[in-house]
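The values are calculated or read from the model by the stated rules, or taken from the named source; none is laboratory data. Keep in mind it's a predicted model, so treat the numbers as computed, not measured. Here the Cβ positions follow ideal geometry from the backbone for every residue, glycine too, while neighbour counts run over all protein chains shown. Heavy atoms of the whole protein, side chains included, go into the accessibility calculation; ligands, DNA and RNA do not. Shrake-Rupley method; radii C 1.70, N 1.55, O 1.52, S 1.80 Å.
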Amino acid sequence: MITHRTDTSAIQPEVWVVDDVSFPKYCGALGKRANCQVAVSLHAATDAASCPLEWELFLPEEWSQGQQRCRRAGVPDEIGHVSKTRLAPGLLDRLAAQGLVVPVIVADAGYGRSVSIRLAPEERGWSYVMAVDPKQIARPKAAEPHQPDHGGLGPPTLPRYRDLARPLPGLIDADTLFQEVTWRPGSKGAMTSRFAVLQMRPSGKEASCTAQEQAGGRSRWDGVLPLRALLVEQPEEAPETTGYWMSNLPATIPITDLVRWAKMRWRIEHDYRELKHGASTKSSTSSRTC
């Protein structure tokens, strides 16, 4: 395990952002960037600044299958492939073990589309706002399962929903209320768009299995899928919705807070861009001086 850790004793972030960070390598013989390392990273962020707290290198599955190549690269034999969605909860746990108060956890759809990565904070009593793929299926808040009649043979049939689950865009209708929200200043003026918040029931095989486990097993589950908040973005000029974020925060949370947290990942991208630009400028200046 190769990790990096920052002293977090004086940091009071508004969110923790789960992200990826790459470390490209420049090859002089080739005259270009060749090869790079990727790490799952965790950053503290506010509107004004961000700070990387910890990261862990990600070993692709194809690398773990090439033992000779791993040894040439100095990868210990005991290190194998672990998916990014499994590495991320480990980073969160290690920081939480330091006694820190865990703020709202933010992630892009690369992580948010995974039921397991969303379940990890829930099991630990933490809050999250994560981008999700619009192909994610769900049912509206009002959907209720019904109990089929028992024929008398075998165990009773599980309660089931009559209507099929639908992709997230299918939850938006003429009654969905969008409102204009401004979340931060931008280089060309205030960042403003239209958003709506609704409650829905994430569905699918993995969501149903998780609900059963949380209820204590198949026989104890009443068939009701849990409610989650869904933040939806549709700019004034856009013909369709452009973004979806899922959260386990209560529906009473102001929409302005949900939007700010959902969009907080920009801070990480901005700071890395500034860092790379500064490093590039310094490198160029040093070359000319030499």
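Estimated from helical segments only, the mean residue ellipticity of the chain at 222 nm is -8000 deg cm²/dmol, where each DSSP H run of four or more residues counts as -39500 (n - 2.57). For the chain, a Gaussian network of Cα nodes joined below 10 Å ranks GLU213, GLU233, GLU14 by mean-square fluctuation, and the top entry is GLU213. Solvent-accessible area per residue in the chain equals 58 Å², computed with a 1.4 angstrom probe and all protein chains kept.
When only alpha carbons are used to place a centre, region 83-111 and region 149-205 end up 24 Å from one another. Structure note, pairs LYS141/LYS263; LYS84/LYS188; LYS84/LYS135; LYS205/LYS263: Cα-Cα distances above 31 angstrom occur for LYS84/LYS188. Residue separation of GLU78 and ARG218 scaled by 0.36 nm, minus their Cα-Cα distance, works out to 46.7 nm of gained length.
Comparing ALA229, ALA262, ALA48 in a Gaussian network model of the chain where C-alpha atoms under 10 Å apart are linked, the largest mean-square fluctuation is found at ALA48.
Relative to the Cα centre, the charge distribution of the chain, modelled as +1 at Lys and Arg Cβ and -1 at Asp and Glu Cβ, gives a dipole magnitude of about 820 debye.
For region 234-252, the residues whose amide N sits under 13 Å from a probe point set 7 Å from the Cα of THR192 along the beta carbon direction are 236-237. Between the labelled values (i) 0.95; (ii) 1.03; (iii) 0.99, the entry that holds Rg/Rh (Cα atoms, Kirkwood Rh) as derived from this structure is (ii).
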